[in-house]
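Visitor: One structure coming up, written as structure tokens, with questions to follow.
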Amino acid sequence: MARETAIDQLTPEHLQLFKQRLEDSGFKNYQDLTDWLTELGYQISKSSVHRFGKKHEQKMQAVSLSTQAAIYMAERNPDDAGALSSTVLTMMQSEFFNALVQLQSLDDDTDPMERMAALSKISKGIAELSKASVNQKKHQIEVREKAQAAADKVEQIANKGGLTGDTVQEIRKAILGIAD
């Protein structure tokens, strides 16, 4: 698919160390990183290190923003894990869409079998996300139905026990509040 870069020559261990050094340096000091890679025996230009560093920085920022969004959602909706799951599913669907757009914009000289393999992976990911979304919606319906049944049962018991209508309604609202 994409052309091999000089960074692709790094062993997995060196790539991991390189990424860590990039992050630790605050995505600066590219000349120092280039010198370090040269000492390890790689022939990589500063511009290659810089290009990779910028892409890696963007990925790290995206992860950070996603994490912040998830924390925000969890804090704003502590009793509604469904909202957080829905947000994550939406974000993942967006990523798959972006990957699909990038796949379509590849050069015409890209191997058709590589393109089909990538398309297959994207399709599988979308199918799994769709399945998760359906399961989440089913779960939300089940929780609402159980809460409704519990509220109805409590209302019957409370009425038999002589509680006032206002008290019964407060209890009912408290129970149904977990399903909203």
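Visitor: Between K46 and E13, what's the calculated FRET efficiency when r is the beta-carbon distance and R0 is 22 Å? Round to 0.05.
Guide: 0.50
Visitor: Helix 30-39 versus the longest principal axis of the chain: what is the Cα-based angle in degrees, 0 to 90, to the nearest 10?
Guide: 60 degrees
Visitor: Also: Determine the relative contact order of the chain: mean sequence separation of Cα pairs under 8 Å and six or more apart, normalised by residue count, in whole percent.
Guide: 18 percent
Visitor: Further, regarding this structure: Give me the angle, in degrees from 0 to 90, between the Cα long axis of helix 112-160 and the longest principal axis of the Cα atoms of the chain, rounded to the nearest 10.
Guide: 20 degrees
Visitor: When Lys and Arg each count +1 and Asp and Glu each count -1, what net charge do the other residues less than 12 Å away from H56, Cβ to Cβ, add up to?
Guide: Residues near H56 contribute +4 overall.
Visitor: Which of the lysines could a cross-linker bridge to K28, judged by Cα under 23 Å and excluding same-chain residues fewer than eight apart?
Guide: Reachable lysines: K19, K46, K54, K55, K59.
Visitor: Local charge sum around G26 (other residues, Cβ-Cβ under 14 Å, Lys/Arg +1, Asp/Glu -1)?
Guide: Net charge in that neighbourhood comes out at 0.
Visitor: Between R115 and Y72, what length comes free when the chain is fully extended (0.36 nm per residue of separation minus the Cα-Cα distance, one decimal in nm)?
Guide: 11.8 nm
Visitor: Show that you can apply the helix-only estimate: for the chain, add -39,500 (n - 2.57) for every DSSP H stretch of four or more residues, divide by all residues, and state [θ] at 222 nm to the nearest 500.
Guide: -27000 deg cm²/dmol
Visitor: Mind checking which of I126, I157, I44 has the largest fluctuation in a GNM of the chain, springs on alpha carbons under 10 Å?
Guide: Among I126, I157, I44, the largest mean-square fluctuation in the Gaussian network model of the chain belongs to I157.
Visitor: Per-residue counts of other Cβ atoms within 10 Å, averaged by peptide: what ranking do you get for 133-143, 28-38, highest first?
Guide: 28-38, 133-143
Visitor: For the chain, take the longest principal axis of its alpha carbons; what is the angle in degrees between that and the long axis of helix 165-176, to the nearest 10 within 0 to 90?
Guide: It is inclined by approximately 20 degrees.
Visitor: Each label point is 7 Å from the Cα along the Cα-to-Cβ direction; what then is the distance between the points at K28 and V101, in nm?
Guide: Inter-label distance under the simple model: 3.2 nm.
Visitor: In the set (1) 47, 40, 30; (2) 84, 40, 23; (3) 56, 40, 28, which value of Cα extents along the principal axes in Å was calculated from the structure you see?
Guide: Only one option fits the structure, namely (2).
Coordinate-derived values only; no laboratory data. Keep in mind it's a predicted model, so treat the numbers as computed, not measured. As a convention, Cβ positions derive from the backbone with ideal geometry for all residues, glycine included, and neighbour counts pool all protein chains shown.
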